[in-house]
Structure formats: structure tokens, C-alpha cells
């Protein structure tokens, strides 16, 4: 298993971390890195960190969503492993994307949102009212989560979601394919099969750290 080091370049007011790391180590949207800060005496376990924006080709840095537990300050060097897990795979030709993120800021699906918008598509984000105060693309439409099911039936041609396990099972049956990022602890990152992230979907048990964290389905 490959371990490497990445330096925290900056941390913004939203808690996102900008890491200096080689381009080949930057995870795809939905994949994750396990990050551990040797300077944090209280951090006994590594924390998963997810890409929070599209990286810029000319810079060997990328923005990552806030990690739990907190992973450090600018100048700190993190011990990292990854990229790990299965990420999002948008089908070719997606023009109308519905993104459901009701419980957290939508950083972990923002790379997908930007990609669809850059390709001339449209995106509707279903999130809480606090999303309106975040630095999100101006072309992004934001609606309450209650409107998600109707939008799937009448408008979208693909959907993505970022949800805890208890909400994954409660997703409405969708008339079109999509994918959900399962928001659950993954302390071992598939290294020991500890079972903390075990989840039963459709009668089948999976380890989210390995078979996820992005799971495709209807």
C-alpha cells in the first residue's frame, strides 16, 4: 500500500483544504484519500478527504472538502494514502444533472457540477437554504430537497447524491440511473476489512470503503 505526503497550502473560511500533491495522486470525484496529520496528537485515525473542486492543470494543488476530524493548518504535512474507492462516472452526454445533498455543503459533488456546466449542460442542486451563501457557480439552480423526486420524473437525465446510509435506503425509486456517495466512516480504507462501513443494499452486503463510496443504481 502506497503512502505519500502532501502539504496543506491553504484553508478557506468554509474549512476546505488546499493540498499540494502530484496530479496522479489527486482522486477522481467521489474517490477519497485517507489523511493523517502527525502533528495532531488527538488524531488516532486517518480521515477521508474528498475532492471539492476541479483541479487546475497548471498547478499541482487541489481543493478538498472539510475532513472530520479536522486535519490541520496551512504548512502542515499530511501523511496520505490513495486515491481509494470507486468514484463517480458520469455517462457521456449528460445534459441535465440533478444533485441531492440535503445534509452538508455540496463540495463533494461540486466537481461534477462544474464539469456538466462547462460542457454546456444544466444542473439543479437540491440542498438547504445555506447553499445560497456558498461560492457556487452562478448558473447553478438551487431547490429544496423535497423537489428532488418530481425533478427526476420530469426533467433530469442523470442524478447524483451525497447521503448517509440511513438516507440511501429511503431514496425514491428513480426512473433513470444515477449514483450516490455514501457518507459513512471509513477508518481503515479497505486495509483491514474492519467492517465499520458495512452496508446492505438490495439484499447484498458491501464495504463502502472498497465497493463504494460511490454506488450506482436506480
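The values are calculated or read from the model by the stated rules, or taken from the named source; none is laboratory data. Remember, it's a predicted structure, so these values are computed and weren't measured experimentally. FYI the Cβ positions are ideal-geometry reconstructions off the backbone, even for glycines, and counts take in every protein chain you see.
Things worth noting here:
- Only a single criterion out of (1) at pLDDT 95 or above; (2) touching a helix residue (DSSP H, G or I) at 6+ places or on another chain (Cβ under 7 Å); (3) under 23 Å from residue 208 (Cα atoms) is not satisfied by residue 31, namely (2).
- All positions within the stretch 46-56 that are part of a loop (DSSP other than H, G, I, E, B) and in contact with a helix residue (DSSP H, G or I) (Cβ under 8 Å, 6 or more places away or on another chain): 52, 53, 54, 55
- Any chance residue 137 is over 16 Å from the mean Cα position of the chain (by Cα) and over 17 Å from residue 51 (Cα atoms): no
- Among the conditions (1) touching a helix residue (DSSP H, G or I) at 6+ places or on another chain (Cβ under 8 Å); (2) surrounded by 14 or more Cβ atoms within 10 Å (Cβ to Cβ), residue 103 misses just one, which is (2).
- Among residues of the stretch 175-198, those that are surrounded by fewer than 18 Cβ atoms within 10 Å (Cβ to Cβ), farther than 18 Å from residue 81 by Cα and without any contact (Cβ under 8 Å) to a residue 60 or more places away in the chain, counted: 5
- Options 179, 198; residue that is more than 17 Å from the chain's Cα centre (by Cα) and under 30 Å from residue 2 (Cα atoms): 198
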